[in-house]
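The next block holds one structure in the form of structure tokens; read it before the comments.
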Amino acid sequence: MNRTMGGKNIILRVELQTEQIHFGQLITVITENGGDVIAIDVIQTGPNWTVRDITVSATEQAQLDKITARMKDLAGVRLVHVSDRTFLLHLGGKIEMKPKAPIQNRDDLSRVYTPDVARVCMAIHENADNAYKLTIKRNTVAVVSDGSAVLGLGNIGPYAAMPVMEGKAMLFKQFADVDAIPICLSTQSTDEIVATIKHLSPGFGGINLEDISSPRCFEIEERLRNELDIPVFHDDQHGTAVVLYAGLINALKVVGKRIQDAKVVICGIGAAGIACSNILLAAGVKELIGVDREGALVRTADYTNPMWNGYAERTNPNLREGSLHEVIDGADVFIGLSAGGVLKRRDVERMSENPIVFVMANPTPEIQPDEIEDIAGVIATGRSDFPNQINNVLCFPGIFRAALDCQAAAINEEMKLAASAAIASVVTQQELNKLYIIPSVFNQEVVRRIREAVIQAAIQTGVARRIPREFRQTEPSGTNMAFR
């Protein structure tokens, strides 16, 4: 999933009276309370005192809170201040804009602005497609949220959501050299969000929707896809689906099963659950059962959630009814997009031999991996501290890199399937095992392979409006294909 788990770090600035306490005693207090000292910096020293910065790492915030509380009680120790390294990284925001060329004289000024810029404006006025060549539209994506469903935090609003959107922009740039601009909207009205994004769209080559609550996110994405001529991608839905399917491709190889034969149970039929179901159905899954609060969804029922009615029509072909614990019997694959603790060991024991268990709830998985590692064929989570993390970062940079490079009008299901296959292909047959089915987000091969596969799919499905040079072919007559 989008945000990963990991250790927490703080920097403690302490003043020690060296006649009253030894530095080693301070370190002992830190380690006894669950902290790990990873750096020590001497700031000032005197004849009987010293000031030092101690960088401390811990797995839980509660451990760091306990360490700072103990420090305050130690004789001869003054806790000057506590700096959270994460907060320090966010001071003043995490991104900035820089010009590509310096403005050093009047001639430079006239070319980037008035009067020479007028010629560029008119070239775009005469042919709007020139905006892709002559403005940032060619390489820029809007990362848009209303802050209504920030993962793990809920409806925290646009101001509090901005650090997440800034982080997303950093990932776009770091992994795929895509320029991304975070935009948080002070409205949660579907109509206003759609209208605002439409008005903003001329400056962007793509729209990445993020952390918008369900079911509004479905309507917002659908309307924008129908009304804009640039790709719209809701990462919480489709990014999760793409990476999940990539992991499943390789997990099925590990356990020796075919996707068309697999019985799949998905728990949590929200935005991500529906998108994951859609991509698996498109990939060939025949028996897929969705389970939510009301049990297994069946087409014979009438749900207040309109998305569930449509979902039930195309899933659960055998009309299995009951709770998760009932319908999971004989399942080859469990996919959890729900809440911690909903899956029990006895449920996994009732699945087929060598079951595939993807427990992606954050921060607490549907079941802890160590509870089932002896009976599961493959386990994946949404966390970085377990093997096989299903992380959207593997997907969206490469997909948008491809969409921008071929000026795609949309990101369709064929492009998503191609992205999944590309991600899965990064793990070689020699490397593949139950603890390694998905590549690292830092594997530089990922974006390259996604770009190649997704552009090819865009060309084949007719949504590519530009064919990059390396994809161009020559017709038998010797005349080249038409390009934009």
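Here are the numbers for the structure shown:
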{"read-out": "The chain - accessible surface per residue (Å², probe 1.4 Å)", "value": "48"}
{"read-out": "Theoretical ellipticity at 222 nm over the chain - DSSP helices of four or more residues, -39500 (n - 2.57) apiece, nearest 500", "value": "-11000 deg cm²/dmol"}
{"read-out": "Label selected from [x] -0.59, -1.23; [y] -0.79, -1.39; [z] -0.50, -1.18, the criterion being log10 I(q)/I(0) by the Debye sum over Cα atoms at q = 0.08, 0.13 Å⁻¹ as computed here", "value": "[x]"}
{"read-out": "Carbon/sulfur fraction of accessible area - the stretch 268-321, other protein chains in place, 1.4 Å, %", "value": "47"}
{"read-out": "Ranked packing of 285-296, 123-134, most packed first, by mean Cβ within 10 Å", "value": "285-296, 123-134"}
{"read-out": "Ranking by accessible area, most exposed first, for 358, 218, 175, 442 with a 1.4 Å probe", "value": "442, 175, 218, 358"}
{"read-out": "Simple label model, 7 Å out from Cα along Cβ direction - residue 192 to residue 314, nm", "value": "3.2"}
{"read-out": "The stretch 341-412: relative contact order in percent, alpha carbon pairs under 8 Å with at least 6 residues between", "value": "25"}
{"read-out": "With all protein chains modelled, accessible area of residue 22 [1.4 Å, Å²]", "value": "130"}
{"read-out": "Accessible area, probe 1.4 Å, largest first, for residues 108, 211, 84, 385", "value": "385, 84, 108, 211"}
{"read-out": "Taking the chain and dividing mean pair separation by its residue count, relative contact order in percent (alpha carbons under 8 Å, at least six apart)", "value": "12"}
{"read-out": "Members of 100/198; 8/168; 198/263; 100/168; 8/257; 344/434 lying beyond 30 Å, as alpha-carbon distances in this model show", "value": "198/263; 8/257"}
{"read-out": "Cut-off 13 Å, label 7 Å out along Cα→Cβ of residue 18, residues of the stretch 43-81 by amide N", "value": "43-52"}
{"read-out": "Percent accessible area from carbon and sulfur atoms, the stretch 346-484, protein chains only, probe 1.4 Å", "value": "48"}
{"read-out": "Approximate shape of the stretch 1-156 as ellipsoid semi-axes (Cα gyration tensor, √5λ), whole Å, largest first", "value": "53, 23, 10"}
{"read-out": "Computed lengthening from residue 461 to residue 87, 0.36 nm per intervening residue step minus Cα-Cα distance", "value": "130.1 nm"}
{"read-out": "Whole-Å distance, taken between Cα centres, linking the stretch 187-215 and the stretch 105-144", "value": "24"}
{"read-out": "Most to least accessible of 137, 8 (protein chains only, probe 1.4 Å)", "value": "8, 137"}
{"read-out": "Overall form of the stretch 85-204 per C-alpha gyration tensor (a/c, 1.5; a/b vs b/c)", "value": "oblate"}
{"read-out": "Span from the the stretch 338-402 Cα centroid across to the the stretch 36-50 one, whole angstrom", "value": "43"}
{"read-out": "Cα-based reach from residue 66 at 17 Å (exclusive), listing aspartates and glutamates while leaving out same-chain residues under 8 positions away", "value": "32, 36, 84"}
{"read-out": "Gain on full stretching of the segment that runs from residue 159 to residue 326 - 0.36 nm per residue minus C-alpha separation", "value": "55.8 nm"}
{"read-out": "Rounded FRET efficiency, nearest 0.05, which uses the C-beta distance separating residue 106 from residue 253 and R0 of 45 Å", "value": "0.10"}
{"read-out": "Additional length obtainable on full extension of the chain from residue 136 to residue 346, 0.36 nm per residue less Cα span", "value": "70.1 nm"}
{"read-out": "With every protein chain in place, the stretch 43-178: carbon and sulfur % of accessible area (1.4 Å)", "value": "56"}
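The values are calculated or read from the model by the stated rules, or taken from the named source; none is laboratory data. This one's a predicted model, so the numbers in the text were calculated from it and none came from an experiment. Note: ideal-geometry Cβ built from the backbone for every residue, glycine included; neighbour counts use all protein chains shown. We work out accessible area using only protein heavy atoms, side chains counted, and drop any ligands, DNA or RNA first. Shrake-Rupley method; radii C 1.70, N 1.55, O 1.52, S 1.80 Å.
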